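Visitor: Got a structure here, written out as structure tokens. Questions coming.
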Amino acid sequence: MTKYEMLLDNAEKEDVTVEETAHFSGTRIKGLYCDRHVAISKDIKTEAEKACVLAEELGHHYTAVGDILDQSSVANRKQEMHGRILAYNRLVGLRGIIDAYNHHCQGLCEAAEYLGVTEEFLNDTIAYYKDKYGVYTTIDNYAIIFEPAIAVLELI
């Protein structure tokens, strides 16, 4: 089962309707959440990108209140970020970075494919973790280094 299929299952269990809908004309919007309903653009071609969009919209299901489309509002930008953070943690997480390392992924492209996300989403996730943790963080017996480049070291 793909990540997108798992997210669709989760949405159904949460009583959230997901519909792949027509192009959101005149915008760069790929997905919208409103009142237990997620609309995903039919223009999205890959399951990985659909999973990234759906995970973020489900994040908004758990965190957003009201209409947050106007991103000139600080409060709306914060809510938008909360939805993204939930998606980062759900689809990648620090453990996902370690799992990609343990599966011998060479570079971000292979890691993104292994994790079932887009390279852009993985880059955004790593940037978020770098902002949150700084140069590195440790989890279990691993150190994840964010600067100068992403690396994972197994601690003995």
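The values are calculated or read from the model by the stated rules, or taken from the named source; none is laboratory data. This structure is a prediction, so every number in the text was calculated from the model and none was measured. When we count neighbours, we look across all protein chains shown, and the Cβ atoms used for this are built from the backbone with ideal geometry, even at glycine. These area figures cover heavy atoms from the full protein model, side chains too; ligands, DNA and RNA do not enter into them. Shrake-Rupley method; radii C 1.70, N 1.55, O 1.52, S 1.80 Å.
Visitor: In a Debye calculation with equal point scatterers on the alpha-carbon sites of region 1-43 and no solvent, what is log10 I(q)/I(0) at q = 0.23, 0.24, 0.33 Å⁻¹?
Guide: Per q value, in the given order, log10 I(q)/I(0) is -0.80, -0.84, -1.12.
Visitor: Would you tell me the accessible area of Arg77, worked out with a 1.4 angstrom probe on the heavy atoms of the protein chains, in Å² to the nearest 10?
Guide: Roughly 110 Å² of Arg77 is accessible to a 1.4 Å probe.
Visitor: Determine, for the chain, the count of lysine pairs separated by eight or more sequence positions (or lying on different chains) whose alpha-carbon distance falls under 24 Å.
Guide: The result is 16.
Visitor: If you don't mind, another one. For Tyr101, Tyr129, give the ranking by accessible area with the largest first, probe 1.4 Å.
Guide: Values: Tyr101 95, Tyr129 5 Å².
Final ranking, largest accessible area leading: Tyr101, Tyr129.
Visitor: I'd like the carbon and sulfur percentage of the solvent accessible area for the chain, probe radius 1.4 Å, heavy atoms only, ligands and nucleic acids excluded.
Guide: On the way: 4780 of 9260 Å².
Carbon and sulfur: 52 percent of the exposed surface of the chain.
Visitor: Note down the accessible area of Lys78, probe 1.4 Å, to the nearest 10 Å².
Guide: Surface accessible to solvent at Lys78 totals approximately 130 Å².
Visitor: In Å², what does the accessible area per residue of the chain work out to with a 1.4 Å probe? Working shown, then result.
Guide: On the way: 9260 Å² over 156 residues.
Heavy-atom SASA per residue in the chain reads 59 Å².
Visitor: If you don't mind, there's one more thing I want to ask. Need one number: nm distance between label points at Thr137 and Thr21, each 7 Å from Cα along Cα→Cβ, rounded to one decimal.
Guide: Taking the simple label geometry, Thr137 and Thr21 are separated by 3.4 nm.
Visitor: Find out how many positive minus negative residues lie around Thr2, taking Lys and Arg as positive, Asp and Glu as negative, among other residues whose Cβ is under 10 Å from that of Thr2. Each step should come with its number before you reach the end.
Guide: On the way: positive: Lys3, Lys50; negative: Glu5, Glu47.
That sum, taken over residues with Cβ under 10 Å, equals 0.
Visitor: Considering every Cα-Cα pair within region 72-113, what fraction, in whole percent, is farther apart than 13 Å? Please report the intermediate quantities before stating the final value.
Guide: Values: 514 of 861 pairs.
Counting pairs separated by more than 13 Å, the tail of P(r) holds 60 percent.
Visitor: While we're looking at this one, here's another question. Please state the relative contact order of region 14-156 as a whole percent: Cα pairs under 8 Å, 6+ residues apart? Please report the intermediate quantities before stating the final value.
Guide: Details: 182 pairs, mean separation 21.8, N = 143.
Relative contact order comes out at 15 percent.
Visitor: Once fully extended, how much extra length lies between Arg95 and Ala151, figured as 0.36 nm per residue of separation less the alpha-carbon to alpha-carbon distance?
Guide: Values: separation 56, 0.36 × 56 = 20.16 nm, distance 1.31 nm.
My answer for the length gained is 18.8 nm.
Visitor: Two decimals is fine: what is log10 I(q)/I(0) at q = 0.19 Å⁻¹ for the chain, from a Debye sum with one equal scatterer on every Cα and no solvent?
Guide: Debye output, listed in q order: -1.19.
Visitor: If you don't mind, there's one more thing I want to ask. Treating only the Cβ atoms of Lys and Arg (+1) and Asp and Glu (-1) as charged, compute the dipole magnitude of region 79-156 about its Cα centre; round to the nearest 20 debye. Please report the intermediate quantities before stating the final value.
Guide: Details: 5 positive and 11 negative charges, 50 e Å.
That gives a dipole near 240 debye.
Visitor: Can you find, among Tyr62, Gly134, Ala11, the residue sitting farthest towards the positive end of the charge dipole of the chain, where Lys and Arg contribute +1 and Asp and Glu -1 at Cβ?
Guide: Result: Gly134.
Visitor: Around Val18, under 9 Å between beta carbons, what's the net of Lys plus Arg minus Asp minus Glu among the other residues?
Guide: -4
Visitor: Mind putting together the pair-distance distribution for region 111-156? All Cα pairs, 10 Å bins, whole percent per bin, short to long.
Guide: Distribution as computed: 27, 52, 21, 0 percent.
Visitor: On to the next question. Which net charge results when you count Lys and Arg as +1 and Asp and Glu as -1 among the other residues whose beta-carbon is under 15 Å from that of His104?
Guide: On the way: positive: none; negative: Asp99, Glu110, Glu113, Glu154.
Taking every Cβ under 15 Å from that of His104, the sum is -4.
Visitor: Sequence-distant or interchain residues sharing an amide H contact under 5 Å with Val18, placed H: which?
Guide: Counting only residues 5 or more places away or on other chains, the set is Val38.
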